[in-house]
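The values are calculated or read from the model by the stated rules, or taken from the named source; none is laboratory data. Owing to the predicted nature of the structure, the values given are computational and were not obtained by experimental measurement. For neighbour counting, all protein chains shown are included, and Cβ atoms are generated from backbone atoms with ideal geometry for every residue, glycine included. Surface accessibility is based on the protein's heavy atoms, side chains included, excluding ligands, DNA and RNA. Shrake-Rupley method; radii C 1.70, N 1.55, O 1.52, S 1.80 Å.
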Amino acid sequence: MIPRPHPGDYADFFAGYVARVPDGDVLAGLADQGRRMAADVRAVGEARGDYSYADHKWSIKRLLLHVADGERMFAYRAMCVARGDAQELPSFDENAYAAEDGSATRTLASIVEEYASVRAATLTLFRGLDAAAWRRRGRASGNPVTVAALPWIMLGHDLHHHAVLTERYGVTPG
């Protein structure tokens with residue numbers, strides 16, 4: 001089991017995400033939340049994929065693709081640090097990525113499939129790490145990060161956006 005990270009294991013910005021995650025097996029949480037998110041967004045239907053709750057807010061498709069893009073970045077950081085890469089890892093501008101994501105021309109189903117594939121790859125990466133890899137520390141976006149903090153951040157990020165989909169987009173949790 002991967003213990004809950006402590007402040008200093010991740011940037012202060014991520015504290016709210018980590019706090020959202022219930023105690024327990026974070027990898028099982030990632031698997032469960034991945035199934036829940038995919039099912040709930042799939043149930044929205046294609047016709048609502050481009051819906052946004054206000055002007056200048058992301059569509060449902062863009063929001064889900066953002067979650068997948070964020071997870072890719074966090075997983076990349078985890079892989080680099082786990083493999084002993086000592087270089088500073090870059091940040092990413094989520095709005096710049098979203099502006100170029102192509103979500104407007106894609107189907108909701110294709111984005112749900114991509115999200116599910118990213119989650120599966122993340123879990124495969126994490127399940128292959130040994131105890132030493134989980135303890136490694138690196139730097140990303142000018143802040144410390146441990147490999148063990150990254151699944152907690154990912155799950156909290158996903159939970160945050162799932163709550164936004166429920167509260168602001170009217171997506172009904174399954």
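Against the numbered list (1) among the hydrophobic types (A, V, I, L, M, F, W, C); (2) touching a residue at least 24 places away in the same chain (Cβ under 8 Å); (3) open to solvent by 10 Å² or more (accessible area, probe 1.4 Å), A28 comes up short only at (2).
Of the residues R139, R168, the single one that is open to solvent by 40 Å² or more (accessible area, probe 1.4 Å) and part of a strand (DSSP E or B) is R139.
Does the range 41-55 contain at least one residue that is in contact (Cβ under 8 Å) with a residue 12 or more places away in the chain, more than 21 Å from W152 (Cβ to Cβ) and open to solvent by less than 10 Å² (accessible area, probe 1.4 Å)? Within the range 41-55, one or more residues are in contact (Cβ under 8 Å) with a residue 12 or more places away in the chain, more than 21 Å from W152 (Cβ to Cβ) and open to solvent by less than 10 Å² (accessible area, probe 1.4 Å). For the range 82-96, the criterion of being touching a helix residue (DSSP H, G or I) at 6+ places or on another chain (Cβ under 6 Å) and among the aromatic types (F, W, Y) is met by at least one residue.
Given the criterion closer than 15 Å to A68 by Cβ, touching a residue at least 60 places away in the same chain (Cβ under 8 Å) and open to solvent by less than 40 Å² (accessible area, probe 1.4 Å), identify the matching residue among L125, L155.
Details: L125 fails: touching a residue at least 60 places away in the same chain (Cβ under 8 Å).
Residue meeting the stated conditions: L155.
For beta carbons closer than 6 Å, sequence separation of 6+ or different chains, a first residue in the range 96-109 that is in contact (Cβ under 8 Å) with a residue 24 or more places away in the chain and under 14 Å from M73 (Cα atoms) and a second that is assigned to a helix (DSSP H, G or I) and among the basic types (K, R), the qualifying pairs are A98/R62.
Yes or no, residue by residue, for (1) crowded, with 19+ Cβ neighbours inside 10 Å; (2) farther than 19 Å from L125 by Cβ; (3) free of Cβ contacts under 8 Å to residues at least 60 places away in the same chain:
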{"residue": "Y10", "(1), (2), (3)": "yes, no, no"}
{"residue": "K61", "(1), (2), (3)": "yes, yes, yes"}
{"residue": "M79", "(1), (2), (3)": "no, no, yes"}
{"residue": "A82", "(1), (2), (3)": "yes, no, no"}
{"residue": "E94", "(1), (2), (3)": "no, yes, yes"}
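Report the residue count in the range 97-113 for those that are hydrophobic (A, V, I, L, M, F, W, C) and open to solvent by 50 Å² or more (accessible area, probe 1.4 Å). Result for the range 97-113: 3.
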